[in-house]
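Chemist: I'd like to ask you about the structure that follows.
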Amino acid sequence: MPKIDPYERLVLGAFDRGQLKSVGTKAEIAKLKAVARATAIKDRRINIRLSSGDLTDIQAKALEEGVPYQTLIASVLHRYVTGRLAERPRARPKPAPGGTPKRRASSG
C-alpha cells in the first residue's frame, strides 16, 4: 500500500469522522461516474515485447506505487495519449573535474 502523507492522513481522518460533504451536483456526479466507467473499461488485449531490464524496472516501480505492473503500464499509456504525461528535461552530464580532457595526438 502506498505511503500516506500528513495531508492525506488529515483528509482521511475528516472523512472517517463524517466531516466531509460532497459539493458536486447530482448531474456532475453522474457525469463523472459515467466518465470513470468508460475510462476503466478494458475491452482490448495487446501483446508487447519489452526488454527484460525495462520489465524489471516497471515491476519495481509498480511495487513502489502499490499497483499491478500491467495497471501501471496501462496508466502511463493512457496519460500519454491524453496529453497528461509530461516529459522531464534530462539532466546534462556534468563535465569532468579540470575541464575537458585533451585529445592525444594520433601517430601516422
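Where a number appears in this text, it was derived from the coordinates with a stated rule and is not lab data. Since the model is a prediction, treat every value here as computed from it, not as a measurement. With ideal geometry, Cβ positions are generated from the backbone for all residues, glycine too; neighbour counts draw on all protein chains shown.
Chemist: Between 0 and 90 degrees, rounded to the nearest ten: what's the tilt of helix 26-40 against the longest Cα principal axis of the chain?
Modeler: Between the helix axis and the principal axis of the chain, the angle is about 40 degrees.
Chemist: How far is helix 6-16 tilted, in degrees, relative to the longest principal axis of the Cα atoms in the chain, given as a value from 0 to 90 rounded to the nearest 10?
Modeler: It works out to around 20 degrees.
Chemist: Let me ask another. Using Cα springs under 10 Å in a Gaussian network model of the chain, which residue among Ile41, Ile58, Ile73 shows the largest mean-square fluctuation?
Modeler: So, out of Ile41, Ile58, Ile73, the one fluctuating most is Ile41.
Chemist: Straight-line reach only, C-alpha to C-alpha below 18 angstrom: list the lysines that Lys3 could link to, leaving out same-chain residues fewer than 8 apart.
Modeler: Reachable lysines: Lys61.
Chemist: Excluding the sites themselves, what is the longest stretch of the chain that contains no trypsin sites (Lys or Arg not before Pro) in a DSSP loop with at most 14 other C-beta atoms within 10 Å?
Modeler: Longest run free of exposed loop sites: 50-83.
Chemist: So, one more: Modelling each spin label as a point 7 Å along the Cα-to-Cβ direction, I'd like the Asp5/Ala34 distance in nm, to one decimal.
Modeler: Placing both labels 7 Å along Cα→Cβ, they lie 3.4 nm apart.
Chemist: Given the convex hull over the Cα atoms of the chain, what projected area results after averaging over all orientations, in nm²?
Modeler: Hull-based average projected area comes out at 15.0 nm².
Chemist: Next up: Between Ser52 and Arg17, what length comes free when the chain is fully extended (0.36 nm per residue of separation minus the Cα-Cα distance, one decimal in nm)?
Modeler: Working it through step by step, the gained length comes to 7.9 nm.
Chemist: What's the angle, to the nearest 10 degrees (0 to 90), between helix 69-81's Cα axis and the longest principal axis of the chain?
Modeler: Approximately 90 degrees, to the nearest 10.
Chemist: Same structure, new question: Multiplying the sequence separation of Ile73 and Arg45 by 0.36 nm and subtracting their Cα-Cα distance, what value in nm do you get?
Modeler: Roughly 8.8 nm would be gained on extension.
Chemist: From the backbone phi of the stretch 85-91, what are the Karplus-calculated ³J(HN,Hα) couplings (6.51 cos²θ - 1.76 cosθ + 1.60, θ = phi - 60°) in whole Hz, Gly and Pro given as x?
Modeler: Working through the residues one at a time gives 9, 9, 7, 8, x, 6, 6 Hz.
Chemist: Can I ask one more? For the stretch 57-65, what does the Karplus curve 6.51 cos²θ - 1.76 cosθ + 1.60, with θ = phi - 60°, yield as ³J(HN,Hα) per residue in whole Hz, taken in order and with x for Gly and Pro?
Modeler: With coefficients 6.51, -1.76 and 1.60, one gets 5, 5, 5, 5, 5, 4, 4, 4, 7 Hz.
Chemist: Hey, another quick one. What is the sum of charges, Lys and Arg at +1 and Asp and Glu at -1, for the other residues whose Cβ falls under 12 Å from the Cβ of Leu10?
Modeler: -1
Chemist: Can you list the HN-Hα couplings for the stretch 51-56, worked out from phi with the Karplus curve (6.51, -1.76, 1.60; θ = phi - 60°), rounded to whole Hz and with x for Gly and Pro?
Modeler: Coupling constants for the stretch 51-56: 5, 4, x, 5, 5, 4 Hz.
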